[in-house]
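Asks: A single structure is presented below for examination.
The values are calculated or read from the model by the stated rules, or taken from the named source; none is laboratory data. Just so it is clear, the structure is predicted and the values come from calculations on it, not from any experiment. FYI the Cβ positions are ideal-geometry reconstructions off the backbone, even for glycines, and counts take in every protein chain you see.
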Amino acid sequence: MLTRSYSVNIVSHLNPVQLGRRELYQMIPFVAVSGMQQKERNITKAFANYAADIDTLEAAEQIYYQTKQHLTAAELASRKHQSALVLMEELEVDTVVITTPLIVALFVSGISQFLVGYNTSVMNSLSSVVFAGHTTFEWSLAVSVLAIGGSFGASVAGLIIDSRGRKGGMGIVIYLFLLGSLIQTFAINMVCITIARFIIGFASGFSSVLVPIYLGELAPPTLRGTLGTLTQFSFVIGIFVSDLLAFPFAKEESYWRILFSVPAVASLAQIICYPFLIESPRWLLSRNRRCIKARHIIKKLRGLRYEHEVEMEVDHFISAAHAQSCDNNDDRTSSGIALASMLLDNQIRRLLICSLVLQMAHQLCGINAVFYYSTMLFEGVIDNPRLGTAIVGGANVVATYVALLLMENTNQRKLILWSATGMLISCLLGFFSKISSVIWVILFVSFFEIGLGPVPWLIVTEMFEAKYVATAMSVSCQVNWICNFIVSLAFPYLQESLGAYSFIPFAIILLMTIIFVVIFLPETKGTTPEELRDEIVKSISMMLALSNDIATDYYSSSAGKPIDVEWRRAMDDLKRQEEIDMMRGTYNYGFQPISQNRLAGESVSDWKTRISG
């Protein structure tokens, strides 16, 4: 049985698969964001090629020693290709091994994001049936207060989940959704609706921060992008479902209360599953490196059988947390320290500004004017405005899938330019013809989903080092919700005053976005294989020192300073070389052959003098 410190102190004994998993843990941030799959594959491929190169060189040297013949270029290429394929299969095994605890966590998290999408669009078809006679301000406030709650929820989520844990934070989200839904369902006036929407908004903002972190800390590195994509689909499906349910229930005689009760039913399903949720092992290890509960969770979460496998996985979490920390003395870097570090660095500050501008464009382009008020847009244009809203919701789901395919092979900067340009053209189409109203709205939403929708979130994981990603995501989320509030509150007044030209302000924002992206936004799509390889080589060269620091700080190990580790490695290498020489019969034991002449002419006193030195 391997000791706990084995995988920390004897890093040089890691096999290529273990070393590759450590690299993935350190280079991929602990967040589940849609579209990260390409980055995960690129890092996996880069490391596999790097390890295959080393394996090929070692094999060539061994074969040359045995046969005195060099491998041909074709043989070298074939061996490298086979080694890289085998290693990639080993590193990507986590993408097919899904355990029950991870499925339960994904199910509960997916419902939370479904409810965020559902509550975003549920008010769309109800303005004429819920407490008829309300003013424009009362209705726009009830719709937009969701974003106010979302901003508050996003701002406090980080502090709460750091103190109460990820599972505790999920419990808060579940019960807030349940409370808000019940108040909304049994509301007696618009004030109750507004209060309920604020509570639901708080839960939505909280969930938007919690879910990517929770799933990112549970999922293996090669699965985080996939889980982020699934939660994104949960969000757009929630919008679509609310549009479909509006057909039978968006009526007077209190049928609309059934629409408001759906989140309560979904929350009850989450409450049933809640006892089966697991806590984030990364959060547990950040509080106590020797936590037995964290090890038990990792064993179930990864489907491991042996203690040394669990300890190896624990070490991957520890090393990744240390590598992604802004404060080398504390892996639980606060968002304030991380934000201050970002603002003090000129280059990172520029990237943060770019990220926040994209978040503003994400909302101020007018997309939520569609999701909140598309029924209002279609009134007087088509016979059944709810049908138009449902068609737009369905197109949104399809466009999300298309966006996933495009993000695989297209750089992020180009996607944003395509998206903003397409949305701008869609706005112009809407100005010229009412007949094409449904068509231009579908185009508007579709172009949004291929660029301005997912890319502002994905680009955070591309632009920033892993240690800054969580903080950048949190700040971006708050800015996003604030801009969401501005659009949702202002659009009814734009519609009243500008009529068919109500999207002119959004068209101006889109034009400004295009100019900003062309001039200021750096390209972030994927690092080249050569750059990834260099980064991996640098990371591995620093791994011994980093691992020794962790061992010294947290396990009171006697490993010593990095130079001591290097010395031990040199001694190990020397010992292995000596063993090889002994097997070959070429080892120099330090003896000198004794010639017969020398032995015959040497006296006893001379011999004693020579032996004594």
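Asks: With (1) in contact (Cβ under 8 Å) with a residue 24 or more places away in the chain; (2) closer than 21 Å to Thr389 by Cβ; (3) surrounded by fewer than 19 Cβ atoms within 10 Å (Cβ to Cβ) as the list, and Ala250 as the residue in question, which single condition is left unmet?
Replies: That leaves (3) as the condition not met.
Asks: Looking at Lys251, Lys300, can you tell me which residue is out of contact with any Gly (no Cβ under 9 Å at 6 or more places or on another chain) and modelled with pLDDT under 90? Lay out the reasoning, then the answer.
Replies: On the way: Lys300 fails: modelled with pLDDT under 90.
Every option except Lys251 fails the conditions.
Conditions (1) touching a Pro at 6+ places or on another chain (Cβ under 8 Å); (2) over 30 Å from Glu90 (Cβ atoms), marked per residue:
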{"residue": "Leu218", "(1), (2)": "yes, no"}
{"residue": "Leu223", "(1), (2)": "no, no"}
{"residue": "Phe233", "(1), (2)": "no, no"}
{"residue": "Tyr255", "(1), (2)": "yes, yes"}
{"residue": "Phe260", "(1), (2)": "no, yes"}
{"residue": "Ala266", "(1), (2)": "no, yes"}
{"residue": "Gln270", "(1), (2)": "no, yes"}
{"residue": "Ile278", "(1), (2)": "yes, no"}
{"residue": "His296", "(1), (2)": "no, no"}
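Asks: So which helices (runs of 4 or more DSSP H) are wholly in the range 209-290 and hold at least 1 residues that are under 15 Å from the mean Cα position of the chain (by Cα)?
Replies: Once the helices (runs of 4 or more DSSP H) in the range 209-290 are filtered for at least 1 residues that are under 15 Å from the mean Cα position of the chain (by Cα), what remains is 224-249, 281-287.
Asks: Hey, among Ser234, Ser242, which residue is hydroxyl-bearing (Ser, Thr, Tyr), at pLDDT 90 or above, crowded, with 22+ Cβ neighbours inside 10 Å and more than 24 Å from Gln478 (Cβ to Cβ)?
Replies: Ser242
Asks: Working only within the range 47-95, note down all residues that are outside any helix (DSSP H, G or I) and within 37 Å of the chain's Cα centre (by Cα).
Replies: Matches in the range 47-95: Glu92 only.
Asks: Go through the residues of the range 52-59 one by one and say whether even a single one is at pLDDT 80 or above and surrounded by 21 or more Cβ atoms within 10 Å (Cβ to Cβ).
Replies: Yes; the residues of the range 52-59 include at least one that is at pLDDT 80 or above and surrounded by 21 or more Cβ atoms within 10 Å (Cβ to Cβ).
Asks: Continuing with the same structure: Just the residues that are surrounded by fewer than 16 Cβ atoms within 10 Å (Cβ to Cβ) and assigned to a helix (DSSP H, G or I), please, taken from the range 96-105.
Replies: Thr100, Ile103
Asks: Something else about it: Just to be sure, is Val479 part of a helix (DSSP H, G or I) and touching a Ser or Thr at 6+ places or on another chain (Cβ under 7 Å)?
Replies: When the stated conditions are applied, Val479 does not pass them.
Asks: So, one more: Of all residues in the range 91-134, which are modelled with pLDDT of 90 or more and aliphatic (A, V, I, L, M)?
Replies: Leu102, Ile103, Val104, Ala105, Leu106, Val108, Ile111, Leu115, Val116, Val122, Met123
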